[in-house]
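One structure is given below, encoded as structure tokens.
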There are 2 protein chains.
Amino acid sequence: MANTNPPDGGGSVRHRVALPPKEGLVKDFKSWGQELFFHDAPLRGFKDQTAAKKVLLGIQAVFPIVGWVREYNLRKLRGDVISGLTIASLCIPQDIGYAKLANLDPKYGLYSSFVPPLVYAGMGSSRDIAIGPVAVVSLLLGTLCRAVIDPVDEPDDYLRLAFTATFFAGIFQAGLGFLRLGFLIDFLSHAAVVGFMGGAAITIALQQLKGFLGIKNFTKKTDIISVMESVFKAARHGWNWQTIVIGASFLTFILVAKFIGKKNKKLFWVPAIAPLISVVVSTFFVFITRADKQGVQIVKHIDQGINPISASQIFFSGKYFKEGIRIGGIAGMVALTEAVAIARTFAAMKDYQIDGNKEMIALGTMNVAGSLTSCYIATGSFSRSAVNYMAGCHTAVSNIVMAIVVAMTLLFITPLFKYTPNAILAAIIISAVLGLIDIDAAVLIWKIDKLDFMACMGAFFGVVFISVEIGLLISVAISFAKILLQVTRPRTAILGKLPGTDVYRNTYQYPEANKIPGFLIIRIDSAIYFSNSNYVRERSLRWLREEEEEAKEVGLPAIKFVILEMSPVTDIDTSGIHSLEELHKSLEKKEIQLILANPGPTVTEKLHASKFAEEIEEKHIFLTVAEAVAACSPKLAEHQA
Amino acid sequence: MANTNPPDGGGSVRHRVALPPKEGLVKDFKSWGQELFFHDAPLRGFKDQTAAKKVLLGIQAVFPIVGWVREYNLRKLRGDVISGLTIASLCIPQDIGYAKLANLDPKYGLYSSFVPPLVYAGMGSSRDIAIGPVAVVSLLLGTLCRAVIDPVDEPDDYLRLAFTATFFAGIFQAGLGFLRLGFLIDFLSHAAVVGFMGGAAITIALQQLKGFLGIKNFTKKTDIISVMESVFKAARHGWNWQTIVIGASFLTFILVAKFIGKKNKKLFWVPAIAPLISVVVSTFFVFITRADKQGVQIVKHIDQGINPISASQIFFSGKYFKEGIRIGGIAGMVALTEAVAIARTFAAMKDYQIDGNKEMIALGTMNVAGSLTSCYIATGSFSRSAVNYMAGCHTAVSNIVMAIVVAMTLLFITPLFKYTPNAILAAIIISAVLGLIDIDAAVLIWKIDKLDFMACMGAFFGVVFISVEIGLLISVAISFAKILLQVTRPRTAILGKLPGTDVYRNTYQYPEANKIPGFLIIRIDSAIYFSNSNYVRERSLRWLREEEEEAKEVGLPAIKFVILEMSPVTDIDTSGIHSLEELHKSLEKKEIQLILANPGPTVTEKLHASKFAEEIEEKHIFLTVAEAVAACSPKLAEHQA
């Protein structure tokens, strides 16, 4: 072995630290831009193809349907029809309820399950996602819009604002994808999303108490304290017991169905159709008993007919224009995060690739199209996508089937919903959002990372006790704080030699690793940038001080060499070079030699560009820690002699 | 060597990857908090001391003067008096000019060179910094305050706003230090500061054209286009040639003096007293010739007497209260950045330690005290600190000497400044701010890091072409963008074996390193967090795809093992673990085994907490890449057989 360290410590083979091949500036920027925007090499399929083939591939890139439709067959169709029917039966009652969360008429929920899924089916690359309105985004849109316009006093303007927000949410989503800025959604951490979703689920469930208990005067705030106050105030006037009986019995039915579906995966369709059965049975029951005359609130009237055109209703100027952009931006980002997370999850389960940026273009286009046809923001639904997957969907055709069923419903069946009790919709929503509370994930987060858990809880309590926006703000703020923390305080470690090897490892993790007398070996575990360069220097000096004190106490020889193991230092900027220079000067004054081990390509390049390599002399830059120790040991002996 | 890889590839010694000692939650948080807030171990001196000694050390920690005054001697006093007189002669004319940048009467500049340096001398730990008003902060304060109140129409309220901003700047600075949040200023990157300072210097120099050319109607904007318009408009009415002659000749004199000082370090006092000589000579000249009657603008009148109390003038309510907080926050942060950078630079040159947080408390207290005694924001001046250092200062006593000289000036000499021509002040300011344009630094930044250079130029052009605030905003935004970029797109590298060693290195940097057939060895150069976990997974799969294609072309055996070299992965969060799980699943489907090499302590802990270690089986986690290759080679042979 060439890096063997002979007993006399000298005469070892010395390997050169290579300077990477010199790249031009243009090539530098190109490869940097490629990693940032095109790290998934989206154009690799286009290489070495004929022009005609390239055009076809281009069309296929925008409309994946062109690709898979040619391989479509009857077997796939059967799976897609079954799963499409299943998610349709699940989405119809949910849509009616979710529209209420957005302070909109029930029909807008149904509209949003017709046009967007059709657009997505043509452009989207996920095979399992079920498109339509979802609870959290509906609540968020409702909360944000109500802060601007009162939906009861000015229903027309409110509706126009909702369409405007939907339009800009779509523009925003498609824009992110088109500019290949999709990585921006990675800045919402998993932990924050878990907390936010859990909090939103609780908030939504609490909102359902209105319908579930038959309360007439309900607070417009969403925090738990205001809601509970409303509930207990209403208790004095008596809740409506008929409503409660209906709601509670069907909620029990739906939850039992869910439980059955969980126990036996083959019975996935039981929880999937339970809501629709509840709606049918309870509607029939109310119609027979005319319980609505006993104070049981019902849906009353849903307009018949499919989506009217709404293009002329979008605000393109005036005071609501800006608000629409703002609300669209926020709600669009949350919708995007949810949809992309779903698409990625199922793609990983079936092992196919999702291009996040293309997915965003599809989602954005579908929302723009939706805003022109009376829909509000649609996205991927966790619960319906899971059902879609379990029901055996093969392609986005299941979304088409669902859209057709919803259209049929809009055309022919809506009058039948007249006597559907609101309590049933409340029960359906409660059972649906319970799935968003992911306690297992929270426990795992607690086990893995305490800081992540704080982020999770911050978002959760922010949503539950203050409001959805504040909770979202807290999630984003904590996510960013964590990133900043990471770059400000990189870890450092003291290395020691594992007995019988040439391997140097963290002495904290490997207590058996021996520190080499006269040497201090520090590994810096991060790129050295302006945000941490001072810390790195000061922390290194503190290590030195501590180790010097220890060496003095134990009577070991004084430290004469500080070796910085640079393997993890992937990059360095001007501030970082300054810091190394200052460290070098401070050490020189103490007659200690600074040594660098294994700087990477970028760092080596910059050490030379900045002349720091000359300053500490190239002979003090080694390929490995072992070689550095071997080469310096004879000099150490001289010092001690 | 135990990690030797015998020719048959089997039978090598296998080292265990150690789980670090289990720490309690409290200890975890404690060590984390310590690194974040107390990484410099500020209390280490207090350990093992008697109670009385601890009290003394405590007093000394807040007032370092108590410590060094006991070792003070005549030799040090001589150095401090000389340097104190030198910086006083430099600061008096500068103060008068800088006060104008802040739209304040000249006396406020002098006030700010009296109280703040005295407070700093007692509390500060830098021995070389020269305290007082500086050009950039004066301009920033002036610009921000003028946007709120017109200094000509409402001079009283304007003055009160300036004091209010100074008060809150001080509160803000001391608060950051007290809460040990000093690391926040590290988020302004060196490159952005270089650009911002250069831009501000140009802006300030352009502003001086008013005094230098004797222009009466000058724009209130600071961008270069508005200023040049003003200058050329005024040209039609004729600039004042007498003013120009005076200004130009003394500017030449000062610049020649600077040049002499640069050539011969011993003549440092020549450029230091040149401004004062210019003031004296030109004032005398104007007084004799009564050039002020020819249109040469003069200072006119400066009130006699030292700082009056201004505590009652600070806004603590009303609309200007909030503005004061905002302006104080921005200007205070910039002042802090400048002062801490100066303190650190000179501390490194003389090799003593600066506690950034304690320094901030000193600077903040001094500004609060200043705001109560008619001063505006003071901080460390680059140019005067350098003169102070070269003149041989030993302690902060030089600041005390300077303050006394300024007080004498205020008490007795101010009437003599009556005939000082404004053009001289303009010449002094121009020569002073030219030093802020650091072309060498910009060139070095260009050489080292192109992205940093973009940040530098962004800040520069933002200040010059738009405004100081926008320039500052651009610097901060670019600094943050760089941090975010760093955490979103970590580097990855393909490793190969250096011939004749067991060392695996980046094949891009070391083209001689050999890839091992059947293996793909990827090093991930960053902690894996939510912000990059998707990228890491997708990038790894892309490396695999590319290498598989290459292997197929060349006819090498298919890849059966993907080794992730985890040495640089210092931490992982829940999203990161998810990503590894997904990567593992994707690889399993291709019958490729995922192997981890050398996970660090935190990562090892989390791999176990999340059960992922069990999932990929512990036998697939190795201490080094070499051991992993050695252990897996026999299996690879089976595959190929």
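Residue by residue through the range B:351-401, note down the ones that are within 14 Å of chain A (Cβ to nearest Cβ) and in contact with a Leu (Cβ under 6 Å, 6 or more places away or on another chain). The one that is within 14 Å of chain A (Cβ to nearest Cβ) and in contact with a Leu (Cβ under 6 Å, 6 or more places away or on another chain): B:Met360. Scoring B:Leu498 on the criteria (1) at pLDDT below 85; (2) surrounded by fewer than 23 Cβ atoms within 10 Å (Cβ to Cβ); (3) not small (Gly, Ala, Ser) leaves a single failure, condition (1). The number of residues in the range A:206-230 that are in a loop (DSSP other than H, G, I, E, B) and either touching a helix residue (DSSP H, G or I) at 6+ places or on another chain (Cβ under 6 Å) or acidic (Asp, Glu) (or both) comes to 7. Looking only at the range B:414-436, decide whether some residue is at the interface with chain A (Cβ under 10 Å from one of its Cβ atoms) and either surrounded by fewer than 24 Cβ atoms within 10 Å (Cβ to Cβ) or among the charged types (D, E, K, R) (or both). So far as the range B:414-436 goes, no, none of its residues is at the interface with chain A (Cβ under 10 Å from one of its Cβ atoms) and either surrounded by fewer than 24 Cβ atoms within 10 Å (Cβ to Cβ) or among the charged types (D, E, K, R) (or both).
Kindly provide the set of residues from the range B:544-557 that are under 24 Å from A:Asp355 (Cα atoms) and modelled with pLDDT under 90, ordered by number.
Answer for the range B:544-557, where residues must be under 24 Å from A:Asp355 (Cα atoms) and modelled with pLDDT under 90: B:Arg545, B:Glu546, B:Glu547, B:Glu548, B:Glu549, B:Glu550.
A:Lys258 satisfies every condition listed in (1) crowded, with 18+ Cβ neighbours inside 10 Å; (2) part of a loop (DSSP other than H, G, I, E, B); (3) out of contact with any strand residue (DSSP E or B) (no Cβ under 9 Å at 6 or more places or on another chain) except (2).
Restricting the first member to the range B:332-346 and to residues that are buried (at least 21 other Cβ atoms within 10 Å of the Cβ), and the second to residues that are acidic (Asp, Glu) and in a helix (DSSP H, G or I), the beta-carbon pairs closer than 8 Å and six or more apart or on different chains are B:Ala339/B:Glu359; B:Val340/B:Glu359; B:Ala343/B:Glu359.
Restrict the check to the range A:518-537 and report whether at least one residue is farther than 18 Å from A:Phe622 by Cβ, over 31 Å from the mean Cα position of the chain (by Cα), charged (D, E, K, R) and more than 8 Å from chain B (Cβ to nearest Cβ). Looking through the range A:518-537, at least one residue is farther than 18 Å from A:Phe622 by Cβ, over 31 Å from the mean Cα position of the chain (by Cα), charged (D, E, K, R) and more than 8 Å from chain B (Cβ to nearest Cβ). Consider the range B:446-471 and keep the residues that are of a type in the set (Phe, Trp, Tyr) and touching a residue at least 12 places away in the same chain (Cβ under 8 Å). The one that is surrounded by the most Cβ atoms within 10 Å (Cβ to Cβ) is B:Phe460. Inclusion of B:Lys233 among residues that are at pLDDT below 85, more than 29 Å from B:Ile149 (Cα to Cα), assigned to a helix (DSSP H, G or I) and out of contact with any Pro (no Cβ under 8 Å at 6 or more places or on another chain) is not warranted. Of the residues making up the range B:157-167, none is at pLDDT below 95, surrounded by 21 or more Cβ atoms within 10 Å (Cβ to Cβ), within 30 Å of B:Gly84 (Cα to Cα) and small (Gly, Ala, Ser). The numbered conditions (1) surrounded by fewer than 23 Cβ atoms within 10 Å (Cβ to Cβ); (2) assigned to a loop (DSSP other than H, G, I, E, B) are all true for A:Ala613 except (2).
Of all the residues in the range B:176-190, those that are surrounded by fewer than 20 Cβ atoms within 10 Å (Cβ to Cβ), within 12 Å of chain A (Cβ to nearest Cβ) and under 15 Å from B:Phe38 (Cβ atoms) number 1. When B:Thr570 is tested against the conditions (1) within 30 Å of A:Arg491 (Cα to Cα); (2) touching a Pro at 6+ places or on another chain (Cβ under 8 Å); (3) more than 9 Å from chain A (Cβ to nearest Cβ), the lone failure is (3).
For the range B:624-637, the count of residues that are part of a helix (DSSP H, G or I), over 25 Å from A:His190 (Cα atoms) and in contact with a Pro (Cβ under 9 Å, 6 or more places away or on another chain) is at least one. Restricting the range B:573-597 to residues that are over 12 Å from B:Val536 (Cα atoms) and facing chain A (nearest Cβ under 8 Å) leaves a set whose member that is farthest from the chain's Cα centre (by Cα) is B:Lys589. Restricted to the range A:286-345, and to residues there that are among the acidic types (Asp, Glu) and in a helix (DSSP H, G or I), the residue that is nearest to A:Val193 (Cα to Cα) is A:Glu338.
Taken over the range B:240-255, residues that are of a type outside the set (Gly, Ala, Ser) and crowded, with 17+ Cβ neighbours inside 10 Å amount to 8. Among the residues of the range B:211-226, the ones that are surrounded by fewer than 22 Cβ atoms within 10 Å (Cβ to Cβ) and either touching a residue at least 40 places away in the same chain (Cβ under 8 Å) or among the polar types (S, T, N, Q) (or both) come to 8 in all.
Let me confirm something: among A:Phe268, A:Phe285, A:Phe259, which residue is without any contact (Cβ under 8 Å) to a residue 24 or more places away in the chain and among the aromatic types (Phe, Trp, Tyr)? Steps first, please.
Numbers: A:Phe268 fails: without any contact (Cβ under 8 Å) to a residue 24 or more places away in the chain; A:Phe285 fails: without any contact (Cβ under 8 Å) to a residue 24 or more places away in the chain.
Exactly one residue qualifies, and that residue is A:Phe259.
Selection of the range A:454-510 for residues being aromatic (Phe, Trp, Tyr) and within 9 Å of chain B (Cβ to nearest Cβ) yields A:Phe480, A:Tyr508, A:Tyr510.
Across the range A:503-515, what is the total count of residues that are among the β-branched types (Val, Ile, Thr) and surrounded by 21 or more Cβ atoms within 10 Å (Cβ to Cβ)?
Restricting attention to the range A:503-515, the residues satisfying the condition of being among the β-branched types (Val, Ile, Thr) are A:503, A:507.
Retained after the next criterion (residues that are surrounded by 21 or more Cβ atoms within 10 Å (Cβ to Cβ)): A:503.
Matching residues across the range A:503-515 total 1.
Please state which of the following conditions A:Ile559 fails to meet, knowing it meets all the rest: (1) within 14 Å of chain B (Cβ to nearest Cβ); (2) part of a loop (DSSP other than H, G, I, E, B); (3) within 28 Å of A:Thr604 (Cα to Cα). That leaves (1) as the condition not met.
The values are calculated or read from the model by the stated rules, or taken from the named source; none is laboratory data. The model shown is predicted, which means the values in this text are computed figures rather than measured ones. Glycine also receives a Cβ, built like all others from the backbone with ideal geometry; neighbour counts cover every protein chain displayed.
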